[in-house]
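Notes follow once the structure below has been shown.
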Amino acid sequence: MNILLTNLTYKPHFGGVENSLFYIAQEYKEMGHNVVIMCSDVNFVKKEGLTHCEILDSIKVFRYKRYNPKSKLLKLFLQISDIVNSYFLAKKLHTQYKFDFSIARNMKVGVGVYFALKQVPIIHILPAISRHQDKIAVNDFSKFTLKKIISLISNKITIFQNDFFQKFLIKSSNYNIVFSQNMYTQVNELTKVDNSKILKIYPGVDSNRFTQSNNKLQLREELNIDKNKKIFLIIGRLIEVKNISIVIKSFINVKSEERLLIIVGDGPKLNDLKSLVLKYNLEQYMIFFDKTNKPEKFYQISDAFIMSSSYEPFGQTILEAMSTGLPIIAFKSDGINVRTATEEIVENAVNGLLCEYSTDELTKSIDNFINLSEEKVKIIGWNNREKVKRIYSWKIFVEKILKLNIKNTTIKSE
């Protein structure tokens, strides 16, 4: 079969969605199917655009040219531009490949593909609910300058557009795939749709890539990190909903002098977080690293992983950390301050420590972890590794999609 995978970005940009496309493509390729990836030419790694056609990891990647105006007013038309450009590229590719079905991981590109390939079944794998993920916190605008007011209005318009297109794609897709019960509930809250069109299928993780290292101390030495430190890791895009400021504040009262927080990533909150570290004189307990395409080395040097998000549709980094044998420290989901799927993955005191949403409670959890015996930490790490290998598999994921009944025709492997 010919299968089209679509998103706004792909390699060299690395993130949870891009990685999922890579593993889905590889699994289908190994099954003997022909896979094409379609995305834009936007490049967050370097400022120049990407080539419009190339082969990456034996998969053909086609990119449409994305216009990125500097004016905030013109940026409001980016949504329509993405839909139109993805429409024309998908139309062109279909004349060559005659796709049997497509998988959409981005709402704008997905809408363009839907109109271009109306007779082709479309599977929508939701990355997140846009209105929760993209909102700007109110406290960001406590001092209302003209620039901030314009940004707030622009953000609200963008969220409205995303809301509209996300609802449209959910209703138009043959099936909507979510990774967690948390996301299943959020889809139902967002729009009315036949529940038979919403399926929960767990994602996978590369347990060969994300595995424990026998050279933990050597890896620390290469990064100039004290081998005796108790390392807590945060990795991902540094945005408001990640709540990293709470983690930084929680470290003020952690008792152990050997504590060390490593923050890997970039994003709009980076400078604010660095300023917060300076404000509380925590420089000796915090290290920032740029975003990386080799996150496994940071998992391998760490002792525990902290998931502090207030909103997370699933938590791919939790799976990566668990696969590496790391215990998880995270907030419980209360439906108000925290809406995550963490408790669907992590069981308190079995493969991690869950706490209420507050700086003090997080401090206690970090202290409690530091006080765990080495044997207990090893047991948690073993539990995490085994759970990931047993439940979270991209092979199982793609096989379940092939078994879906689309337009009264079951997609079957060749």
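The values are calculated or read from the model by the stated rules, or taken from the named source; none is laboratory data. Being a predicted model, the structure only gives us computed values, none of them experimental. Every residue, glycine as well, gets a Cβ built from its backbone with ideal geometry; the counts of neighbours run over all protein chains shown. Ligands, DNA and RNA are excluded from the accessible area calculation, which covers all protein heavy atoms including side chains. Shrake-Rupley method; radii C 1.70, N 1.55, O 1.52, S 1.80 Å.
Structure above, values below:
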quantity	calculated
Boolean, Asp226 is in a loop (DSSP other than H, G, I, E, B), touching a strand residue (DSSP E or B) at 6+ places or on another chain (Cβ under 8 Å) and open to solvent by 20 Å² or more (accessible area, probe 1.4 Å)	yes
Residue selected from the stretch 378-407 under the condition outside any helix (DSSP H, G or I) and over 21 Å from the mean Cα position of the chain (by Cα), by the criterion modelled with the lowest pLDDT	Lys407
Any helices (runs of 4 or more DSSP H) falling wholly within the stretch 11-121 and containing at least 1 residues that are of a type in the set (Val, Ile, Thr) and over 21 Å from the mean Cα position of the chain (by Cα)	78-97, 107-116
Selection status of Tyr311, open to solvent by 10 Å² or more (accessible area, probe 1.4 Å), modelled with pLDDT under 95 and closer than 27 Å to Ile129 by Cβ	yes
Subset tally (residues that are crowded, with 24+ Cβ neighbours inside 10 Å and among the small types (Gly, Ala, Ser)) for the stretch 342-368	1
Breaking point among (1) assigned to a helix (DSSP H, G or I); (2) under 22 Å from Thr185 (Cα atoms); (3) open to solvent by 50 Å² or more (accessible area, probe 1.4 Å), for Glu375	(2)
